[in-house]
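What follows is one structure encoded as structure tokens, with my remarks underneath.
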Amino acid sequence: MKNPTLYLQSLSTVLCVFTLLALPLPAAAQPSETVRYGLHQNKPLNFTGENGAPQGLVIDIFAHIAAEQKLDVEYVPCEWSACLQMLERGDIDVFSAIGHTPERETLFDFTENPVITNWGLIVTGPRSGIDSILDLEGKRIAVLEDAGHTRALQGLLGDFNIEAQFIEVRSFAEVFEQVRSKRADAGVVNRLQAAEFRQDNLIHQSSIIFNPVEIRYAFTQGKHAELLQRINDRLLALRNEPGSIFHRSLEHWMGKQTATGLPKWLKWASIFSALTIFALVSFSALLKVQIRSKTRKLQQEISERKETESRLIRSEEQLRLIFENAPVSLWREDFSSVKDYVETLRQKGVVDFRLYFDAHPEVVAHCASLVKIIDVNRASLTLHRARSKDQLLNSLSSTFTPESFSAFREGLIHLIEGIRSFETEAVIQTLDGEKRNVLLQMFVDPQGTNCDTVYIALTDITQLKQVEDKLIENDRIKSEFISTASHELRTPLTVVRGYVELLLENDSFPPKQRREFLGHVLDKSTVLERMINELLDISCIETDRSLSLEKTSICIAEVVKLVLNQLTLEHRQHRFSTYFPEDQIELMADRGRMVQVFENIIGNAIKFSPKGGEISIQGEKLFDKYRIRVIDQGIGMDRKAQKNVFEKFFRVDASNTAVPGLGIGLPLVKNIIEAHEGEVWMASEKGQGTEFFFTLPL
């Protein structure tokens, strides 16, 4: 027998076959358990292959365990966020290639043993300049929606106060496409996905890695405890078994190779390396003393540099806090492009930029468009009523007014002339259209170069300007009042003096004529007394002293009749009518003050009805109040005058030919009525007459 071993193997095989044929057939197989497996595209962990079949590291391992456990796996394709929602609802039973986090632990049941460890990685386009987490400031970052690495990066940027724009997509392929097409400056993937695109010339792996997580199998919470335990036990056994499907699949998909021996060339290389190392060690011994000395100096320099950098960082952070929390609007701007453009104008022969800007205002607008806004603080958002910095910067053109454009022009001329600071008043417009007065202060950072750092401060002085305008208006009104008061007081005083002089110079006037003269003197004295009393009342109101009232039970109809008795004799061209349905109604009021009210209101109706006409005084009871209405057929007044008619010293017409008066009658009426806890108002149309109303409590 040439090969006894081969013979024994053949004999053993034949006996096994006969033994199997002699065994009874097994009963019908028990129905297998169906498991719905969420499949999303995350190569090489799990994905759909070119043949349409599920593939990947976690697929191979789960399929092997499923076959052992007699599980029928139904693969349900879904996108990442949809898979998470379906797993939470129970529309699928298991989901893989998912990072284990404390947050997800509250939503799903995880295997205790991980399949692999993964972490987040930032990918960019070539020559992006993104090398650290700080370089992501203001960048567009493509991320997978509802992914753990996405939330981790958002939290990391928030800790560093770094603002970036996140572009959410539904797959890693879309992340790479966003970066490749330059619609995003960077993208967030896991390190396994990044390895798949290592040969892509348009994708660069940065040095920014974060958020290490364990990749595990996740099950719908509270529904598959027994199945979860079986999967977990087999996963642990496969991890500990060399040559198992776990290790074979890991080698296949992750590119791991098992060493089988050293090639000859490597042995010779090792010998050569050993000799080289020996020579280097000998040479290094000679340099140790010098290296130690240099190292100590270098360590000292590094320590000093770190301390300097630390102080610089603290100083910059303090400056940023001051900038961000300053109570005035602060803008940090870059004028370098403006300066370069101005230099081109100089080379073209422009010398007098003020004259040039006057002739070419479009050049000023172009210079404004070249200014780059680096940053604005919170007070700027408040001043312009913007919800965010993006909203303010995107709507910047709407905040310009002719006044602010003129201020920019003046500031630009100062910069061109080498003046590094400038201050002026301007007007801006908020995003909701309101005009605000501001004090604009501009200064160039002396440490900057080429005007690349210019600070603009805007202080809201709207209220100060309003106070200033009010003071100017008050001065004007005061001067006008003094002039008017002098005229109004001089007129009756001149009459009184004229009659008194006549009586003193001539004793021959008959008694009747003398009595007539004295009557005129008495009338004008009464006018003077009323004017002086009203001035005293206004003075009392101006000093916040309340008007004195002596309330008694009075009949309004009788007060009106008393006032009309005198006015009817003096103004025969007017017709007076009264209407009081309840003549004897009694009110608690100051009789003298009510006479003042009616004398002023009816007196105004007479003065502003120069052609005569009817003046009607009416009274009626309205619930718990009594309303009085005075109607004339005079010249009326416009809406602008109606808004100010109860203001002190206001006169509808302040010219020399206007209706006489000091502008204190109606303000006094208003204060008297309000002191009685009543209200006063009016209605008028230009050329249609005027109606005055006031109420008193019953």
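The values are calculated or read from the model by the stated rules, or taken from the named source; none is laboratory data. Keep in mind that this is a model prediction, so the values were computed, not measured. No Cβ is skipped: glycine too gets one built from the backbone with ideal geometry, and neighbour counts run over all protein chains shown. Ligands, DNA and RNA are stripped out before the accessible areas are found, and what is left, the full protein with its side chains, is counted by its heavy atoms. Shrake-Rupley method; radii C 1.70, N 1.55, O 1.52, S 1.80 Å.
Pairs of alpha-carbon atoms within less than 8 angstrom and 6+ residues apart define the contacts here; what relative contact order does the stretch 97-164 have, in percent?
Result for the stretch 97-164 is 33 percent.
Glu417 label point, 7 Å along Cα→Cβ, cut-off 18 Å on backbone N: hits in the stretch 432-473?
440-444, by backbone N distance to the label point.
Can you give me the long-range amide H partners of Ile461? Hydrogens built in the peptide plane at 1.01 Å from N, cutoff under 5 Å, separation of 5 or more residues or another chain.
Asn437, Val438, Leu439
For a paramagnetic label modelled at 7 Å from the Cα of Asp146 toward its Cβ, which residues of the stretch 46-89 fall within the zone defined by backbone nitrogen distances under 14 Å?
78-89
Whole Å is fine, so just give me how far the alpha carbon centre of the stretch 32-49 lies from that of the stretch 190-229.
So the separation of the two Cα centres works out to 14 Å.
At 0.36 nm per residue, minus the direct Cα-Cα distance, what do Asn161 and Thr449 gain on full extension? Give it in nm, one decimal, please.
Length difference between fully extended and current span is 101.0 nm.
Amide H to amide H, which residues 5 or more places from Gln221 or on other chains are under 5 Å from it, using H placed in the peptide plane?
Residues meeting the amide H criterion: Asp109.
Just to check I understand the Karplus step: with θ = phi - 60° and J = 6.51 cos²θ - 1.76 cosθ + 1.60, what whole-Hz values come out for the stretch 316-333, glycine and proline as x?
Couplings: 5, 5, 4, 5, 5, 5, 4, 4, 5, 9, 4, x, 10, 6, 10, 10, 9, 10 Hz.
Quote the accessible area belonging to Lys551 in square angstrom, nearest 10, computed with a 1.4 Å probe and with ligands, DNA and RNA left uncounted.
The accessible area comes out at roughly 90 Å².
In the structure displayed, which of Lys139/Lys297; Lys435/Lys670; Lys465/Lys686; Lys607/Lys643 lie more than 28 Å apart, Cα to Cα?
Numbers: Lys139/Lys297 40 Å; Lys435/Lys670 33 Å; Lys465/Lys686 33 Å; Lys607/Lys643 20 Å.
Distance filter (> 28 Å) returns Lys139/Lys297; Lys435/Lys670; Lys465/Lys686.
When the solvent-accessible surface of protein heavy atoms is calculated with a 1.4 angstrom probe, in what order do Lys348, Lys294 fall, highest first?
Greatest to least solvent exposure: Lys348, Lys294.
Place a label point 7 angstrom from the Cα of Ser369 along the Cα-to-Cβ direction, then list the residues of the stretch 323-337 whose backbone nitrogen is under 16 Å away.
Only 337 fall inside the zone, counting backbone N under 16 Å.
For a protection proxy built on the mean count of beta-carbon atoms within 10 angstrom, sort 237-249, 590-602 highest first, please.
By packing density, highest mean first, the sequence is 590-602, 237-249.
Spin-label point model (7 Å from Cα, Cβ direction): what's the Thr34 to Glu168 distance in nm?
3.2 nm
Taking the Cα-to-Cβ direction at Ala225 and at Glu112 and moving 7 Å from each Cα, how far apart do the two end points lie in nm?
That separation, rounded to one decimal, is 1.5 nm.
Name the long-range amide H neighbours of Leu45: under 5 Å, sequence gap of 5 or more, or other chain; modelled H, no Pro or chain starts.
Close amide H contacts, sequence-distant or interchain: Leu57.
Multiplying the sequence separation of Arg305 and Leu518 by 0.36 nm and subtracting their Cα-Cα distance, what value in nm do you get?
On the way: separation 213, 0.36 × 213 = 76.68 nm, distance 10.26 nm.
That works out to 66.4 nm of additional length.
Under a point spin-label approximation (7 Å from Cα along Cα-to-Cβ), what is the Asn325-Asp507 distance to one decimal in nm?
In this crude label model, Asn325 to Asp507 measures out at 9.2 nm.
Using 0.36 nm per residue of separation minus the Cα-Cα distance, give me the extension gain between Leu471 and Leu549 in nm, one decimal.
Result for the pair: 24.9 nm of gain on full extension.
Would you please give the FRET efficiency between Lys625 and Lys686, computed as 1/(1 + (r/R0)^6) with r the Cβ-Cβ distance and R0 = 22 Å, to the nearest 0.05?
That pair, Lys625 with Lys686, gives E of 0.15.
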